[in-house]
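Before any comments, here is the structure.
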Amino acid sequence: MTPRCNLHTHTTFCDGKNTAEEMVLGAIDAGCETLGFSGHSPIPFDNWWCMTEEGMGDYIREISRLREKYRGRIEILLGLEYDLFSDCDTSPFDYIIGSSHYVDFKGNKISIDDEASILEAGVNEFYGGDFYALARDYYDNMYYIPEHTKCDIIGHFDLVTKFNEGGRYFDETDERYRSRAYAALGFLLEKELVLEINTGAVSRGYRKNPYPADFILKYIAEKRGRVMLNSDSHSIETLFFGFADAVEYAKACGIRKLTVMKNGKFDEIKI
Ligand SMILES: [Zn+2]
Ligand SMILES: [Zn+2]
């Protein structure tokens, strides 16, 4: 069964292409039951892709308006994709996705989500070209996300592989990489957080498979952790991108249930 729920979406309030109402209409057309908005939290630097503090007020008001306008046709939830380097009041939100889009090296922020050339320049300048060292610092950030963001869901757990299709920068089977990923994952699963299968990098042509990699998904299955399917969509065309394939991928990794949200609460469906 393919879930008819998606809690990871972006709109023109941050770096998305469509308005929130266009996304709602697109989701209704696609037969979606629950649509959650997860605008990027304001960050105090380099923030062209985030909401501003002012914009966040407008975002909250607009999503709340849409929730009422479309009540009975679709469940709309007000969420936030809370970056580790933001500082936000989480009280207005129905749920929080905690994500790390940067690695901090002695005060220098390296974006791992922007462009390959930016990532490469950062790793060369601050890590002497050692991507394993960058990945170590990326996964070490994971230990701070739950407490800082008070999140319910961890966003794109292995985002650090975004530009690494085909092992372009490092070997994802290398113990130096996997040991850090497993350790951070174990920590998050103990906190009983929901992890996501995120098709965003596939829809935008960066990766062939959704996040996370199969060894991570298998570990989640083994530990009976919770996982949900999200598109990290920035436009109506990709609202449910690759969902059917992602369900097959999850099954092949041993996942039997997916977490969804229904009536404002987490629920599970069999796949
Ligand atoms: Zn993100
Ligand atoms: Zn996102």
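For the subset of the stretch 1-22 comprising residues that are surrounded by fewer than 16 Cβ atoms within 10 Å (Cβ to Cβ) and not in a loop (DSSP other than H, G, I, E, B), which member is farthest from ligand 2 (Cβ to nearest atom)?
Glu21
Can you tell me which residues in the stretch 1-23 are within 22 Å of Lys262 (Cβ to Cβ) and under 15 Å from the mean Cα position of the chain (by Cα)?
Selection gives Cys5, Asn6, Leu7, His8, Thr9.
Can you name the number of the only condition in (1) out of contact with any Pro (no Cβ under 9 Å at 6 or more places or on another chain); (2) surrounded by fewer than 19 Cβ atoms within 10 Å (Cβ to Cβ); (3) farther than 19 Å from Cys151 by Cα that Tyr249 fails?
Condition (1) is where Tyr249 drops out.
Tell me which residues, restricted to the stretch 84-130, are closer than 30 Å to Ser64 by Cβ and assigned to a strand (DSSP E or B).
Residues satisfying the conditions are Tyr95, Ile96, Ile97, Gly98, Ser99, Tyr102.
With the requirement that a residue be free of Cβ contacts under 8 Å to residues at least 40 places away in the same chain and within 16 Å of ligand 1 (Cβ to nearest atom), what does the stretch 207-257 give you?
Pro210, Thr238
Scan the stretch 19-29 and tell me whether some residue there is closer than 28 Å to Asn164 by Cα and either free of Cβ contacts under 8 Å to residues at least 24 places away in the same chain or of a type in the set (D, E, K, R) (or both).
Residues of the stretch 19-29 closer than 28 Å to Asn164 by Cα: none.
No, the stretch 19-29 contains no residue that is closer than 28 Å to Asn164 by Cα and either free of Cβ contacts under 8 Å to residues at least 24 places away in the same chain or of a type in the set (D, E, K, R) (or both).
Might you check whether a residue that is in contact with a Ser or Thr (Cβ under 9 Å, 6 or more places away or on another chain) and more than 16 Å from ligand 2 (Cβ to nearest atom) occurs anywhere in the stretch 100-108?
yes
Name the residue, out of Ser117, Ser91, Ser99, that is modelled with pLDDT of 95 or more, within 15 Å of ligand 1 (Cβ to nearest atom) and not hydrophobic (A, V, I, L, M, F, W, C).
Result of the check over Ser117, Ser91, Ser99: Ser99.
Across the stretch 143-169, which residue is farthest from the chain's Cα centre (by Cα) among those that are under 15 Å from Ala213 (Cβ atoms), surrounded by 18 or more Cβ atoms within 10 Å (Cβ to Cβ) and of a type outside the set (Val, Ile, Thr)?
Taking the stretch 143-169 first, the residues under 15 Å from Ala213 (Cβ atoms) are 154, 156-169.
Going one step further and asking which of them are surrounded by 18 or more Cβ atoms within 10 Å (Cβ to Cβ), we end up with 154, 156-164, 169.
In the following step, the residues that additionally are of a type outside the set (Val, Ile, Thr) were identified as 156-159, 162-164, 169.
Working: His156: 4, Phe157: 7, Asp158: 10, Leu159: 8, Lys162: 12, Phe163: 16, Asn164: 17, Tyr169: 22 Å.
It comes out as Tyr169.
Quick one: Phe45 ticks every box in (1) farther than 21 Å from Thr149 by Cα; (2) away from ligand 2 (no atom under 12 Å from the Cβ); (3) not acidic (Asp, Glu) bar one, so which box is it?
Just one mismatch for Phe45, condition (1).
Take Cys50 and tell me if it is surrounded by fewer than 21 Cβ atoms within 10 Å (Cβ to Cβ), of a type in the set (A, V, I, L, M, F, W, C) and within 16 Å of ligand 1 (Cβ to nearest atom).
Considered against the rule, which asks whether it is surrounded by fewer than 21 Cβ atoms within 10 Å (Cβ to Cβ), of a type in the set (A, V, I, L, M, F, W, C) and within 16 Å of ligand 1 (Cβ to nearest atom), Cys50 comes out as no.
Only one of these conditions is not met by Gly26: (1) under 19 Å from the mean Cα position of the chain (by Cα); (2) surrounded by fewer than 23 Cβ atoms within 10 Å (Cβ to Cβ). Which number is it?
Gly26 satisfies all of (1) under 19 Å from the mean Cα position of the chain (by Cα); (2) surrounded by fewer than 23 Cβ atoms within 10 Å (Cβ to Cβ) except (1).
List every residue pair whose Cβ atoms sit under 8 Å apart, with the two residues 6 or more apart in sequence or on different chains, where the first one lies in the stretch 152-164 and is in contact (Cβ under 8 Å) with a residue 12 or more places away in the chain and of a type in the set (Phe, Trp, Tyr) and the second, anywhere, is within 15 Å of ligand 2 (Cβ to nearest atom) and not in a loop (DSSP other than H, G, I, E, B).
Sorted first by the residue in the stretch 152-164, then by its partner, the pairs are Phe157/Leu195; Phe157/Glu196; Phe157/Tyr211.
State which residue is farthest from Tyr144 (Cα to Cα) when the search covers only the stretch 102-114 and only residues that are surrounded by fewer than 19 Cβ atoms within 10 Å (Cβ to Cβ) and within 16 Å of ligand 1 (Cβ to nearest atom).
Asp114
Do you know which residues across the stretch 53-96 are within 22 Å of Asp29 (Cβ to Cβ) and of a type in the set (D, E, K, R)?
Glu62, Arg65, Arg67, Glu68, Lys69, Arg71, Arg73, Glu75
Condition first: within 14 Å of ligand 1 (Cβ to nearest atom) and among the aromatic types (Phe, Trp, Tyr). Now tell me which residues in the stretch 148-175 satisfy that.
The one that is within 14 Å of ligand 1 (Cβ to nearest atom) and among the aromatic types (Phe, Trp, Tyr): Phe157.
The values are calculated or read from the model by the stated rules, or taken from the named source; none is laboratory data. The shown structure was predicted, so the numbers you read here are calculated from the model rather than taken from an experiment. Neighbour counts are summed over all protein chains in view; Cβ atoms, including those assigned to glycine, are modelled from backbone coordinates with ideal geometry.
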